[in-house]
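Colleague: So that we are looking at the same thing, I have put the structure below in structure tokens.
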Amino acid sequence: MGEEEIEEENSNRVGLLKRCTTGGSGGSTRWVDGSEVDSESSLSWSIFGDEEIIKQGYGSVRRRLVKKPKRVDSFDVEAMEISVAHGSHHKKEASLLSTLALAFQTLGVVYGDMGTSPLYVFSGVFSKVPITSEVDVLGALSIVLYTIALIPLMKYVFIVLKANDSGEGGTFALYSLICRYANVNLLPNRQPADEHISSFKLKLPTPELQRALNIKEVLERKSSLKTLVLLLVLTGTSMIIGDGILTPAMSVMSAVSGLQGRVPGFGTNALVFTSIIILGVLFSIQRYGSSKVGFTFAPALALWFFSLGAIGVYNLLKHDVTVLRALNPAYIYLFFKKNSINGWSALGGCVLCITGAEAMFADLGHFSVKSIQIAFTSVVFPCLFLAYFGQAAYLMKFPNSSERIFYDSVPDGLFWPVFGLATVAAIIASQAMISASFSCVKQAMALGCFPRLKIIHTSKRHMGQIYIPVINWFLMIMCMLVVATFQSTTDISNAYGIAEVGVMMVSTTLVTVVMLLIWQTNLFLAILFPLIFGTIELIYMSAVLSKIFEGGWLPLVFASWFLCVMYIWNYGSVLKYQSEVKQKISMDFMHELGSSLGTVRVPGIGLLYNELVQGIPSIFAQFLLDLPAIHSVIVFVCIKYVPVPVVPQEERFLFRRVGPKDYHMFRCVARYGYKDVRKEDHHAFEQLLVDCLEKFLRKEALDVALEINLNQPDLDSISVRSRDESAIQDGDGMDELKIPLMRDQRLETSEASTSEASLTLPASVMPVDEDPSLEYELSALREATESGFTYLLGHGDVRAKKKSWFFKKLSINYFYAFMRKNCRGGAATMRVPHMNIIQVGMTYMV
């Protein structure tokens, strides 16, 4: 009779588990959207305190409540490999010497592209407008000078660089900044506890607050605007990566083309072959990192800028010093009046003078704002001005030299040294957009918009300096194909302009949103920014789009391809997360299964990795069905990226209990910024996890006992009760602590102002170390630790439902599935031995 009852009970539990895995449940399954992803109050989570474990009984309770102890990292170990894990944003301001050293490095990484623009700007301009009078030269020079002064100097150096996200730049950094202040992220995993991260919020000024709140409300309410913002960001990022393809091809070919006409027999085939060899060398050295590349290249670029300035002064003094008249913007009007349509078409060549300006912002994470500003204002800006003045002076005397203006204007005795320097500078110019491409891809991966790829951190001092092998070799192959296909800098320059101006327009739009929403700038000034710079960029875009059939289609193809990859990945990830939320297991079923979970509990700790920040994932039921036994301690680990560059280590992890006390199940949410480095040694990870979990149990027991005693009128009759007696059910079926385990600063301040006498507990209250239920749980945890750790990973297959529309099936079943199959897996990311991993497959119908 007893055996029949046991069999019947086991069959009932299996039936319950099967219903759980199919998403059906007798309990309520609540839809979770972005604004309500965590019904658990942030106060129900625990962030661990000092290394001082609470072993002093209740005598220190009053002091503990009044003054919050310093919190330390629980089990974050990435700082073992990178000494400055938080980068330059959480330490004291860098010294002047280190800032100047960084500024010197920026010459080799950031400004190479802009520094090589004198090689091809005037040749591009005067290919559309023949020089027939001085107005042509002075007008073109005036356009170039004011373009450099307005876009790189005024827009980027003085405005856009200040819109950085804790020192991180680029379109995704702007998107992250916007996501912090308005919940526009399409992935609904935001928690109230995230807002307590010290780097999550900035101090907002008070003026224009109501307008900012209205904009925030509109962005959060309309899903179409969320999608529009995301598409805008992805478009800008795609353009930057496309720039990483075109910049090396354009720069290297422009430099090597100086041999044509100078070396007999050096034709187009030799030009293409030489350029491809140089490109191969350039991409091969990327694995050494931008720091080493920067220090290697910076002296050459410093010499290059000095040469530009010196040759410019030489030509200015020798040929025609009156070109200084171009500082008068009236010549711009005269230029367009004389050349009309041809003058507008010539803007496609003028825009090449600011190529690489976006790298100042995109590469910001590799350096600092001050270093980039110092290098541009003291070296790059004056040297470029002198170079263009000198070339214009030479053209005033030799107007037929526009096609080879740079090399013709070089003094005869200096041709070969300058040619060698120009070739080196062209190679270096490519470094700016290659580094920017790496940064953008890493940010996109962290924010769920790019498949997981292997990232190598190349510097122990600057965590932003990275190398992505797959992207590096992809860029190299594409660059070589572009050079071999076009075989001319003219068509490449047409493509080049569209990519550059497209990125600038996206930055202008996003910075305007930052001004209105975050900076709360005066409305007149906020409108003035896009009105001035947006108008200039629209004019340039209209000019370069006219060349779409002359090579301008190339960046659009590259951008469209990367846009599709990133949007499909984000779209599939959001659908998968929403499916997991809807199918998560109700606690009603877990209670019916009992503390044994419908199977055998064996000693050991199971770390189940999932993406849910709340609730029990459906994959857990699949483990219970497929495995003959389950571990005595289960920890649901969620690796979550929040829209901040860096999460301080002491605020990295959130812990809470899942289910009643005798279930021995816990949840850990590990929060990372998109710039954080994850290099975890699994042995250290496991040890620190156990230490952290033990702290949590002690803190929980103390808080429960404290809450009970504070709520009882007769303190002398109080005894410490079990956690099970104080557990309640929340609306989603998750166990909720009655007591707050994590308090924000405002709550602690109010607590500090309460009477100390009311917080004093009598000596008759049982100390935490003498709580038998706590000691039993700690001994069970130690026994589980000795038995070892197992990593439980779910291998999810995402499929579109049969009734889905055609494009959704195509995107999810083929493109997204292909990317998931070929991207970097969880086991490789965590560096866990295969013998410690158990994987279970599951299909998500979205």
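The values are calculated or read from the model by the stated rules, or taken from the named source; none is laboratory data. A quick note: this is a predicted structure, and the numbers were derived from the prediction, not measured. We place every Cβ from the backbone using ideal geometry, glycine too, and count neighbours over all the protein chains shown. Heads up: the accessible areas ignore ligands, DNA and RNA and are worked out on the full protein's heavy atoms, side chains in. Shrake-Rupley method; radii C 1.70, N 1.55, O 1.52, S 1.80 Å.
Colleague: Bin width 10 Å, origin at 0, all Cα-Cα pairs of the range 499-555: what percent of pairs per bin?
Modeller: Spelled out per bin, shortest first, that is 23, 43, 23, 11, 1.
Colleague: What span do the alpha-carbon atoms of the range 434-526 cover on each of the three principal axes, reported in whole Å from largest to smallest?
Modeller: Reported extents, whole Å, longest axis first: 50, 40, 25.
Colleague: Another question, then. Starting from the Cα of H795, step 7 Å along the direction of its Cβ; do the same at H591; then give the gap between the two resulting points in nm.
Modeller: According to this spin-label approximation, the distance is 3.7 nm.
Colleague: Hey, can you find the accessible area per residue of the range 298-396 for me, probe 1.4 Å, expressed in square angstrom?
Modeller: So the range 298-396 comes to 34 Å² accessible per residue, rounded to a whole number.
Colleague: What order, most packed first, do the peptides 222-229, 271-278, 350-357, 446-453 have when packing is the mean number of other Cβ atoms within 10 Å of each residue? Provide the component values of the computation, followed by the final result.
Modeller: Details: 222-229: 14.2, 271-278: 18.8, 350-357: 27.4, 446-453: 20.9.
Ranked from most to least packed, the peptides come out as 350-357, 446-453, 271-278, 222-229.
Colleague: Let me ask something else. Note down the Stokes-Einstein diffusion coefficient of the range 340-379 in µm²/s, whole number, using a Kirkwood radius over alpha carbon pairs, 10 °C, and 1.306 mPa s.
Modeller: Once the numbers are plugged in, D ends up at 131 µm²/s.
Colleague: By how many nm would the segment from D412 to L225 lengthen if fully extended, with 0.36 nm per residue of separation less the alpha-carbon distance?
Modeller: 61.5 nm
Colleague: Any chance you could list P(r) for the range 99-141, counting all Cα-Cα pairs in 10 angstrom bins from zero, rounded to whole %?
Modeller: Bins of 10 Å from zero give 24, 33, 21, 18, 5 percent of pairs.
Colleague: Continuing with this model, one more query. Select from M566, Q578, A629 the residue farthest towards the positive end of the dipole of the range 547-643; place +1 on Cβ of Lys and Arg, -1 on Cβ of Asp and Glu, and compute about the Cα centre.
Modeller: Of M566, Q578, A629, it is M566.
Colleague: So if we plug the beta-carbon distance of N813 and L481 into 1/(1 + (r/R0)^6) with R0 = 35 Å, what FRET efficiency do we get, rounded to 0.05?
Modeller: Given R0 = 35 Å and the Cβ-Cβ separation, E is 0.70.
Colleague: Could you state the per residue volume, in Å³, of the convex hull enclosing the Cα atoms of the range 379-431?
Modeller: Details: hull volume 4.9 nm³, N = 53.
Expressed per residue, the convex hull around the Cα atoms of the range 379-431 is 92 Å³.
Colleague: Give me the percent of the accessible area of the range 274-398 that comes from carbon and sulfur atoms, probe 1.4 Å, all protein chains in place.
Modeller: Carbon-and-sulfur percentage of accessible area, whole number: 72.
Colleague: Can you give the three extents of the C-alpha atoms in the range 247-347 along their principal axes, from longest to shortest, in whole Å?
Modeller: 49, 32, 27
Colleague: Mind checking Rg over Rh on the range 479-631, alpha carbons, Kirkwood formula for Rh?
Modeller: Dividing the radius of gyration by the Kirkwood radius yields 1.28.
Colleague: Let me ask you something else. For the range 502-556, give the percent of accessible area contributed by carbon and sulfur heavy atoms, probe 1.4 Å, rounded to a whole number.
Modeller: C and S atoms contribute 84 percent here.
Colleague: Convex hull volume of the Cα atoms in the range 328-454, per residue, in Å³?
Modeller: Values: hull volume 23.1 nm³, N = 127.
Hull volume normalised by residue count: 182 Å³.
Colleague: With N denoting the number of residues in the range 463-509, provide Rg(C-alpha) divided by 2.2 N^0.38 Å, to two decimal places.
Modeller: Ratio of Rg to 2.2 N^0.38 Å for the range 463-509: 1.48.
Colleague: If you project the alpha carbons of the range 606-651 onto the principal axes, what extent comes out on each, in Å, largest first?
Modeller: 42, 19, 13
Colleague: Here is a further query. Find the percent of Cα-Cα distances in the range 635-712 that exceed 21 Å, and round it to a whole number.
Modeller: Every Cα pair in the range 635-712 considered, those over 21 Å come to 39 percent.
Colleague: Does the range 107-186 come out rounded, prolate or oblate, given a ≥ b ≥ c as the square roots of the eigenvalues of its C-alpha gyration tensor, rounded meaning a/c under 1.5 and, failing that, prolate meaning a/b above b/c? All intermediate terms of the calculation are to be shown ahead of the outcome.
Modeller: Working: a/c = 3.13, a/b = 2.66, b/c = 1.18.
The shape class here is prolate.
Colleague: Rg(Cα) of the range 769-820 divided by 2.2 N^0.38 Å?
Modeller: Normalised Cα radius of gyration, the range 769-820: 2.32.
Colleague: Taking every pair of distinct Cα atoms and averaging 1/r, then inverting, what Kirkwood hydrodynamic radius in Å comes out for the range 247-288?
Modeller: 10.8
Colleague: What is the gain in length, in nm to one decimal, between W805 and K582 on full extension, counting 0.36 nm per residue of separation less the C-alpha to C-alpha distance? Working shown, then result.
Modeller: Numbers: separation 223, 0.36 × 223 = 80.28 nm, distance 2.08 nm.
Extra length from W805 to K582 when fully extended: 78.2 nm.
Colleague: For the range 510-588, count all C-alpha to C-alpha pairs, find those more than 18 Å apart, and express that count as a whole percent of the total.
Modeller: For the range 510-588, the share of Cα pairs beyond 18 Å comes to 70 percent.
Colleague: Compute the orientation-averaged projected area for the range 547-660 from the convex hull of its Cα atoms and round it to one decimal in nm².
Modeller: Numbers: hull surface 44.7 nm².
Averaged projected area of the range 547-660's Cα convex hull equals 11.2 nm².
Colleague: Moving on to the next point. How much length would be gained if the chain were fully extended between K338 and F524, taking 0.36 nm per residue of separation minus their Cα-Cα distance, in nm to one decimal? Mind showing how you got there, number by number?
Modeller: Working: separation 186, 0.36 × 186 = 66.96 nm, distance 3.50 nm.
Extending this stretch completely gives an extra 63.5 nm.
Colleague: Now for a separate question. Please work out the FRET efficiency for the pair R782 and L150, using the Cβ-Cβ distance as r and a Förster radius of 41 Å; give the result to the nearest 0.05.
Modeller: Working: r = 67 Å, r/R0 = 1.63.
Between R782 and L150 the formula returns 0.05.
Colleague: Can you tell me which of 691-702, 160-171 comes out highest on packing, and rank the rest after it, using the mean Cβ neighbours within 10 Å?
Modeller: 160-171, 691-702
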